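The values are calculated or read from the model by the stated rules, or taken from the named source; none is laboratory data. Owing to the predicted nature of the structure, the values given are computational and were not obtained by experimental measurement. With ideal geometry, Cβ positions are generated from the backbone for all residues, glycine too; neighbour counts draw on all protein chains shown.
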Amino acid sequence: VSRRATVRRAEEGHWLGTFQAMASRCEVLMDVRHQREADRLLGIVSGEAWRLEDKFSRYLRGNVVDAINHGNGSPVEVDEETARLLDFAVQLHRLSEGRFDITSGVLGRVWAFDGERPLPGAEEIAAALRLVGWHRAQWDGRRLRLEPGMQIDFGGIGKEYAVDRAAQLAAEATESSCVVNFGGDLVLSRPRPTGEPWRVGIEDAAADRRAEDETADRRATRLILLYAGGLATSGTTKRFLLADGVRYGHILDPTTGWPVQNAPRSVTVAAGSCVEAGMIATLAMLQGAAAESFLAAQGVRHWIAR
Amino acid sequence: MQLSGSSTPPRHQPQPHGQLRPRHELPPHGQPQAPPRPAGAERPQGRIAVALAAATASLLGGGGSGAAVAEEPADGNWDFDVALHSYREADRVNDASGTFLVRRGAGGGREFRLLFTIDTLTGASASGAAASGRAQTFTSPSGKASYTTPAGETPLDPTFLDTRIALAANLVRPVGRFSQIDVGLSLSNEWDYLHTGVNGRLSRDFNERRSTLTLAAAVARDTIDPEGGAPLPLSPMLPVGDLSNKAGSDDKTVTDFLIGVTQVLGRNTIGQLNYTLSIADGYLTDPYKLLSVVDRRTGEPAPGPGELDLYLFEARPDSRAKHSLFGLWRRALGRDVVDLSYRYMTDDWEIESHTLETRYRWELGSFYLQPHLRYYTQSAAEFYQGALFAGEELPRFASADYRLGELDSYTVGLTYGRPLPHGRQWTVRLEYYEQSGTSPPELAVGSLRDFDQFPSVDALIAETGFRW
């Protein structure tokens, strides 16, 4: 994938930088006056995105995740940033009563969400579950040891973290307001000094379905006025498994090894940071049919599509 | 008339949570799903948002201060605000009003606003005549009846009743990347008064949107058609049935200009400075206000036409130029917002006023409280006098309207606001207002000294509003 970022003037007047990272189209909207300022900011944001992609991607060799996943039962000492992410994952594991688990990726090997196929067998699932569960990991705040065969995956946190980190760097680099948007998960570096909102589009899965008959890849968007904080969306309508006429969404519950039933098609949450928004959206998906009541209890602005 | 930028908060305000207005989207379920779910069934979780915010703060080294979002007011999206307002002076004027605001976003920063107001004024207001040691009889403005004020009491015109209907329409649209224009029409009508006006505002952002310059202008043409006709200035109040000193209607033109700067003063602070020039021309007199004519030594009322004592209708200059300077400082303190403002006004009637005002919006989770304090003080107009003296030359202009006298007032209030799901919000405001003035020296003669010639006025203000 080419690591190239381009900037252009958007119709509305701000500068729009785009690049590709973390399997997403990434955008930076910048309220700066000159192109060189926009270029500089885009360099900072894209640089941070690529740094974090290199560091935390589980598909790359030689990074910290690779080292942990191939520790073969030995403890791996991690740097301070990784330690903070792991501490955060521990908190999430506790807050979600085990449903959010960075070791659950192994389950994905037995569940393939690519259309119509038989369900995996109970033994297959049980075998995968023996390699899943944060309680099997040993983490002392500095060193992490996994059982052989276990794996961690920052996929559920990494992009949101990268959005917030990049926005922090942008806020340090300029007094102007920027929107950092990685594939629909976004945050403002700071409110616009004038108090005016940024107009951002979020994918509207409900409207998507209404528009199904029209052009296939036409994505319906809902326009949101964002004054401060961030938005994140969890869930897609695209990946599912159809077995015996039952549709299974791709969200797996590591406490059971099964897909979460009755999960919404997508949940979008607004919160003070992209990480918070993303985690609440993810935990809401993990609640299945209870997503609405869970979200209502959080007191956050949200949009659910079923 | 007020220019939108002159007294209301600037449009650059930190957006509080009350602005959030998303809507849930809950389409019906798709196909029925049989859940072949093994053990470990779903159990809804409670509130984790606070713990999550703390965990995020450790991850990112500092917390965000919450999101503020709204949905694009796209075509077909309407927003409504309704408010009921009551202002009750003890034993004086009562004003009850309702406002209804409709906003329709047209996308791309364009917006159409329509404000409808209806208000009803009842009760009595001080006529300007001085309190006296004996009962005083007045002819009502229509010239068809009379009323009597008991000895020692401030003469009030008890026939005060009016209903006003007002309509204001505005269209806002961006011009280019950094500018916005707002043009509007206003219209209001009551029994004796018709107001028509046009207004326009142009604002432009500079300095990477950290500064905004606003220019605004408004022109209003008002016609007053007083009950019984407009009295000749400084002519005597005549007995019932005699309308020979009253004639028809009159009008005035008011032109306002505003220049203002809003400046971002750091991450959490905004400052605003406005200068307003307001020029009024035409009939500026209050056709219902009187002055007592008294004896300079005894303070006793001078005899007038028929059985009446002598009261003259007031006379004001036919032009007035007001200059005002307004400064506002607003700061966000976490989720709370504090603001402090000061206004200085001076005019060629020699009134000078100072207004100091502060508000604190205190966010308390599911609701907010906003205490409000305001202090106002003004000096008297040069032609303000409590009474005229029998046998002395009449001044060119004279008014005993307490609103042109030397006075102070303060207001204390509290607003409770409760944001509700789906962007709705409910607010309740309660305020207490007290005004006290300095009795004019002309009234410190003879028997007039025995009475309170500038009684204080206190009022209770209650308002409730709902937005959806």
Out of B:271, B:327, B:299, sole residue that is exposed (fewer than 14 other Cβ atoms within 10 Å of the Cβ) and either in contact (Cβ under 8 Å) with a residue 24 or more places away in the chain or assigned to a strand (DSSP E or B) (or both):
B:327
Within region A:78-126, can you find the residues that are basic (Lys, Arg) and farther than 19 Å from residue A:250 by Cα?
A:84, A:94
Taking residue A:102 as meeting all but one of (1) away from chain B (no Cβ under 14 Å); (2) closer than 24 Å to residue A:51 by Cα, write down the number of the exception.
(1)
Determine which member of the set B:356, B:340, B:290, B:308 is surrounded by fewer than 21 Cβ atoms within 10 Å (Cβ to Cβ), closer than 30 Å to residue B:250 by Cα, modelled with pLDDT of 90 or more and not aromatic (Phe, Trp, Tyr).
B:308
Screening B:131, B:166, B:151 for residues that are closer than 23 Å to residue B:435 by Cα and either away from chain A (no Cβ under 14 Å) or assigned to a strand (DSSP E or B) (or both) leaves only B:131
Kindly indicate which of B:83, B:106, B:131 is surrounded by 15 or more Cβ atoms within 10 Å (Cβ to Cβ), of a type outside the set (Val, Ile, Thr), closer than 30 Å to residue A:222 by Cβ and out of contact with any strand residue (DSSP E or B) (no Cβ under 6 Å at 6 or more places or on another chain).
B:106
When residues of region A:178-203 are filtered for being assigned to a loop (DSSP other than H, G, I, E, B), touching a Phe, Trp or Tyr at 6+ places or on another chain (Cβ under 8 Å) and more than 8 Å from every other protein chain (Cβ to nearest Cβ), how many remain?
0
Count - residues of region A:15-50 that are over 20 Å from residue A:155 (Cβ atoms), free of Cβ contacts under 8 Å to residues at least 40 places away in the same chain and surrounded by fewer than 20 Cβ atoms within 10 Å (Cβ to Cβ):
9
Looking at the structure I just gave you, is residue A:209 at pLDDT below 90 and part of a helix (DSSP H, G or I)?
yes
Scanning region A:266-287 for residues that are at the interface with chain B (Cβ under 8 Å from one of its Cβ atoms) and part of a helix (DSSP H, G or I), which turns out surrounded by the most Cβ atoms within 10 Å (Cβ to Cβ)?
A:277
Check region B:76-84 and report whether any residue there is touching a Lys or Arg at 6+ places or on another chain (Cβ under 9 Å), free of Cβ contacts under 8 Å to residues at least 12 places away in the same chain and closer than 30 Å to residue A:199 by Cα.
yes
Unique match (being more than 7 Å from chain B (Cβ to nearest Cβ) and under 30 Å from residue A:190 (Cβ atoms)) among A:263, A:296, A:243
A:296
For region A:125-142, how many residues are surrounded by fewer than 17 Cβ atoms within 10 Å (Cβ to Cβ), touching a helix residue (DSSP H, G or I) at 6+ places or on another chain (Cβ under 9 Å) and not in a loop (DSSP other than H, G, I, E, B)?
1
Considering each of B:413, B:386, B:417, B:365 in turn, give the residue that is closer than 30 Å to residue B:303 by Cα and either without any contact (Cβ under 8 Å) to a residue 60 or more places away in the chain or crowded, with 19+ Cβ neighbours inside 10 Å (or both).
B:386
Determine, yes or no, whether residue B:357 is of a type in the set (D, E, K, R), more than 14 Å from chain A (Cβ to nearest Cβ) and in contact (Cβ under 8 Å) with a residue 12 or more places away in the chain.
yes
Within region A:100-117, which residues are part of a helix (DSSP H, G or I) and either touching a strand residue (DSSP E or B) at 6+ places or on another chain (Cβ under 9 Å) or closer than 17 Å to residue A:285 by Cα (or both)?
A:104, A:105, A:107, A:108
Only one of (1) under 24 Å from the mean Cα position of the chain (by Cα); (2) outside any strand (DSSP E or B); (3) farther than 22 Å from residue B:353 by Cβ does not apply to residue B:239, and that is (1)
